[in-house]
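Take a look at the structure set out below.
The values are calculated or read from the model by the stated rules, or taken from the named source; none is laboratory data. Because the structure is predicted, anything quoted here is derived from the model rather than measured. Cβ placement follows ideal geometry from the backbone for every residue including glycine, while neighbour counts extend to all protein chains displayed. For the accessible areas, the whole protein counts, side chains as well, though only heavy atoms, and no ligand, DNA or RNA atoms are used. Shrake-Rupley method; radii C 1.70, N 1.55, O 1.52, S 1.80 Å.
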Amino acid sequence: MTKLFSVLSLFIVTIGFAQNALPLIPMPKMVEIEKGTFVLNKQTVIQGDNNMPEVFYLQQSIKQRTGLDLKIVPDNIKANKIKLIQDVDNKNSSKESYRFGIVNKSIAIWATHSEGFFNGIQTLLQLIPSEKNNDIKLPFVLIEDEPKFKWRGMHLDCARHFFPVSFVKKYIDYLAMYKFNTFHWHLTDDQGWRIEIKKYPKLTEVGAWRNGSMTGHYNDQKFDTIRYGGFYTQDQIKEVVAYASQRHITVVPEIEMPGHAVAALAAYPQYSCTGGPFEVAKQWGVLDDVFCPKEETFSFLEDVLTEVMTLFPSEYIHIGGDECPKTRWKNCPNCQVLMKEKGLKDEHELQSYFVQRIEKFVNSKGRKIIGWDEILEGGLAPNAAVMSWRGTEGGITAAKEKHYVVMTPGSHVYFDHYQGEPKNEPLAIGGYTTLEKVYSFNPIPDELTAEEAKFILGAQANVWTEYIPTSQQVEYMIMPRMAALSEVLWGTSNPKNYKGFEKRIVKHFDFYDKQGINYSKAIFEVTSAVHPNEKGVAFELKSPNPTGIRYTTDGSEPILSSASYTKPIVVTENTTVKANYFEDDKAKSATIEQAFFINKSAGKRIELVNPPHENYSIGGPFTLVDGMVGNPSKYGRDWLGFWGKDLNATIDLGNMETISKIKINTLLGEGSWIYFPKEIQFLVSSDGKNFKSIQTISQKEVVAKGGRIEVDFPKTGAQFVKVIAINNGIIADGFPGAGSQSWLFIDEISVE
């Protein structure tokens, strides 16, 4: 803080306030709280260059927040003031860095670039309460600050559900508030084409509208018949891009190719392999019809991208590249001839050829492409950047090959996943990503060297909207998780001090309330964890203040006079625990309810040969013996997911037991590439080394039983039970995800 002291010529004794006392998110790199307060009132003026847009942004933001309409003055006067000062002492600082001070009769923001001034303004706005008040006291504080990562992004899918320009602008304001600098705008998919392309008007005349949508979960396969759609005109696109630019946010458009193209093909079927006809998709998931890599298709896409690049000045253009089935290409004469001409050994290399053709065109316009990690398949285009979403593996591979990477794994930053107890949450696609888990995210994998880590541009959260039909629900899914991610990307998060962040984010809820922002209150919800116990399982409950938890085990709703939680609840028999958190004699959230089914395997030691995928491994192996049965329509934390791998689990019952039944639950969700196992093998042993087979269940039998398997057999003695579920493997042609690895989802293994 030496520079700040020298600039201000102040020597104030720092008092012992914790940084967490300030409601700042992301927390700045260096903060000192000083003794004293500044009074913001109607006499306060803003001193700055009239040509700086940030000056007017600050004036309007303070007026909106407080009702105070401050004057802008160009001269250095002695009045109570907020001043923006060109930081001549910090010429080598980054564009986004700033220094900030509140002391005596002035608030000062120093920066060398407009981005830095804007970031300093956001810090100031977070210190100002959102209330109409003639005299607002602000603490004396000194700050030096700059972000760690260059790419601090939020994504919004407007293809599955369409959101008006007014909300897109509001979304950008949320990004600005938390110092994000990239808005990834997902504009095309199978279910809708949302951007006007003047050379191809049918893209919006036909491709922007579908004749119905899925209702409920994908597994239900239910649809309405309501015509749905919308699109953004080029003038509206320009309006949004300009709005974001004023807030120093880059808009990166995504135009999906070669897959997720059905909406485009409904308008122009000649760019497919079969010629159609096609209908804009009603169902979610992955569809077989994709762009055919023929010359007329490339001409079409180059025309589209030319208009897109005219509208978006971003360095990167996102071309998707994910979830592209190869079914049509395998059966397409044109594709097979092209593969022979180009010496391509398979359809994965054909996809690489497709991506590289597009990259050369985009590069010729002075831009770069970025795509989902599937663009690694068959060989990565020379200058492409990668968004790693299927875990961190793709990002690690790309960084080691010296390609730039944006980390966006489903394990931590998919904001379409559940954030609270799934039973109490609106229907979502699945997963379980709490505020604390987002806050624990580290965008730089341990597997990378310091040199390789330089290729990690940053990270972003993705908001896919299959199950998010309204702007209010978008808000609910991003708030407050995006605040946690902002601190991760700023580089000041500390998972060991998550409670400090929690205290700060609660202070932001008042602003959300006053601005009418819908947000999740899962932070107040009682959360739970299950641990082994020699008598059964131990059910641990957590909340902001554990002494406020009340619970029941008789099925009744918890009230203030119910049992007070003091230690983990030992569950030894089938029961249902209900709990809630009380504060000021009132319940603060929805009741959590958990049914337990205790059997001989509940709470016992379990080992897996193959670990579950990081996206679906919340409770680890113990998930399979925790006494809790997962909900098939809400596959969140109660399920383990294995991508392309088998389940091979061994349970140690602790002693020789007489058993006669084994149960296991598996899941089918074809739209999410989740398939029943090829077979399930059940084996037992007395020593853990020599196993004998009890029974083998075929995939046909699993399908017939809906994935819930019960194997009955004559009474036998065993200490060890082994269950092997063979992954479905490569998804067959004609099924969602054809050509890709299957997901295998498994829940509770019960032994009786």
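Laid out as a table, the results:
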| read-out | value |
| --- | --- |
| Which numbered condition Ala244 fails, given (1) under 30 Å from Glu54 (Cα atoms); (2) assigned to a strand (DSSP E or B); (3) not acidic (Asp, Glu) | (2) |
| Pair list, Cβ under 6 Å, 6 or more apart: region 281-293 residue touching a residue at least 12 places away in the same chain (Cβ under 8 Å), other residue open to solvent by less than 30 Å² (accessible area, probe 1.4 Å) and β-branched (Val, Ile, Thr) | Ala281/Val262; Leu287/Val262; Asp288/Thr327; Asp289/Val262; Phe291/Thr297 |
| Selection from region 406-428 of residues that are assigned to a loop (DSSP other than H, G, I, E, B) and either buried (at least 20 other Cβ atoms within 10 Å of the Cβ) or of a type in the set (Phe, Trp, Tyr) (or both) | Thr408, Pro409, Phe415, Asp416, His417, Gln419, Gly420, Glu421, Glu425, Ala428 |
| Check on Lys170, surrounded by fewer than 24 Cβ atoms within 10 Å (Cβ to Cβ) and touching a Ser or Thr at 6+ places or on another chain (Cβ under 8 Å) | yes |
| Search result, residues across region 74-91 that are in a loop (DSSP other than H, G, I, E, B), open to solvent by less than 40 Å² (accessible area, probe 1.4 Å) and among the hydrophobic types (A, V, I, L, M, F, W, C) | Ala79 |
| Strands (runs of 3 or more DSSP E) contained entirely in region 127-218, each with at least 1 residues that are under 16 Å from Thr465 (Cβ atoms) and of a type in the set (A, V, I, L, M) | 151-157 |
| Of residues in region 522-563 being touching a Phe, Trp or Tyr at 6+ places or on another chain (Cβ under 8 Å) and of a type in the set (D, E, K, R), the one most open to solvent (accessible area, probe 1.4 Å) | Arg550 |
| Some residue of region 438-447 being of a type in the set (D, E, K, R), in contact (Cβ under 8 Å) with a residue 40 or more places away in the chain and touching a helix residue (DSSP H, G or I) at 6+ places or on another chain (Cβ under 9 Å) | yes |
| From the options Ser693, Ser660, residue that is open to solvent by 50 Å² or more (accessible area, probe 1.4 Å) and part of a strand (DSSP E or B) | Ser693 |
| Check on Phe183, closer than 19 Å to Glu96 by Cβ and among the aromatic types (Phe, Trp, Tyr) | yes |
| Residue under evaluation Ser114, criteria (1) touching a residue at least 40 places away in the same chain (Cβ under 8 Å); (2) more than 34 Å from the chain's Cα centre (by Cα), criterion not met | (2) |
| Subset tally (residues that are under 18 Å from Leu187 (Cα atoms), open to solvent by less than 40 Å² (accessible area, probe 1.4 Å) and under 31 Å from the mean Cα position of the chain (by Cα)) for region 268-299 | 8 |
| Residue count, region 1-29 (criterion: under 11 Å from Val141 (Cβ atoms), at pLDDT 90 or above and either touching a Pro at 6+ places or on another chain (Cβ under 8 Å) or open to solvent by 30 Å² or more (accessible area, probe 1.4 Å) (or both)) | 1 |
| Among the residues listed as Val280, Val290, Val362, Val304, the single one being within 20 Å of Ile255 (Cβ to Cβ) and touching a Pro at 6+ places or on another chain (Cβ under 6 Å) | Val290 |
| Top-ranked residue in region 724-737 [being β-branched (Val, Ile, Thr) and open to solvent by less than 30 Å² (accessible area, probe 1.4 Å); ranked as farthest from Ile697 (Cα to Cα)] | Ile731 |
| Single residue of Thr572, Thr566, Thr553, Thr591 found to be more than 30 Å from Ile62 (Cβ to Cβ) and under 33 Å from the mean Cα position of the chain (by Cα) | Thr591 |
| Breaking point among (1) touching a Ser or Thr at 6+ places or on another chain (Cβ under 8 Å); (2) more than 30 Å from Thr215 (Cα to Cα), for Thr433 | (2) |
| Tally of residues being charged (D, E, K, R), closer than 15 Å to Tyr432 by Cα and open to solvent by 20 Å² or more (accessible area, probe 1.4 Å) across region 586-641 | 3 |
| Any hit, region 60-73, residues being in contact with a Gly (Cβ under 9 Å, 6 or more places away or on another chain) and not in a helix (DSSP H, G or I) | yes |
| Residue in region 225-235 that is crowded, with 18+ Cβ neighbours inside 10 Å and assigned to a helix (DSSP H, G or I) present | no |
| Any hit, region 38-58, residues being open to solvent by less than 50 Å² (accessible area, probe 1.4 Å), assigned to a loop (DSSP other than H, G, I, E, B), aliphatic (A, V, I, L, M) and in contact (Cβ under 8 Å) with a residue 40 or more places away in the chain | yes |
| Selected residue (only one of Glu256, Glu302 is open to solvent by less than 30 Å² (accessible area, probe 1.4 Å) and of a type in the set (Asp, Glu)) | Glu256 |
| Total residues in region 96-125, condition touching a helix residue (DSSP H, G or I) at 6+ places or on another chain (Cβ under 8 Å), assigned to a loop (DSSP other than H, G, I, E, B) and either under 23 Å from Lys78 (Cα atoms) or modelled with pLDDT of 95 or more (or both) | 2 |
| Selection within region 724-752 - assigned to a strand (DSSP E or B) and closer than 20 Å to Ser685 by Cβ | Ile724, Ala725, Ile726, Ile749, Ser750, Val751 |
| Residue in region 576-585 that is most open to solvent (accessible area, probe 1.4 Å), counting only those that are free of Cβ contacts under 8 Å to residues at least 40 places away in the same chain and closer than 23 Å to Tyr432 by Cβ | Thr576 |
| Any helices (runs of 4 or more DSSP H) falling wholly within region 470-534 and containing at least 1 residues that are within 20 Å of Tyr432 (Cα to Cα), touching a strand residue (DSSP E or B) at 6+ places or on another chain (Cβ under 6 Å) and among the aliphatic types (A, V, I, L, M) | 481-490 |
| Residues of region 149-169 that turn out to be hydroxyl-bearing (Ser, Thr, Tyr) and under 16 Å from the mean Cα position of the chain (by Cα), as a count | 0 |
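Let's see how each residue does on (1) open to solvent by 30 Å² or more (accessible area, probe 1.4 Å); (2) within 21 Å of Phe597 (Cα to Cα); (3) assigned to a helix (DSSP H, G or I):
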residue: Asn648; (1), (2), (3): yes, no, no
residue: Glu701; (1), (2), (3): yes, no, yes
residue: Thr716; (1), (2), (3): no, no, no
residue: Lys722; (1), (2), (3): yes, yes, no
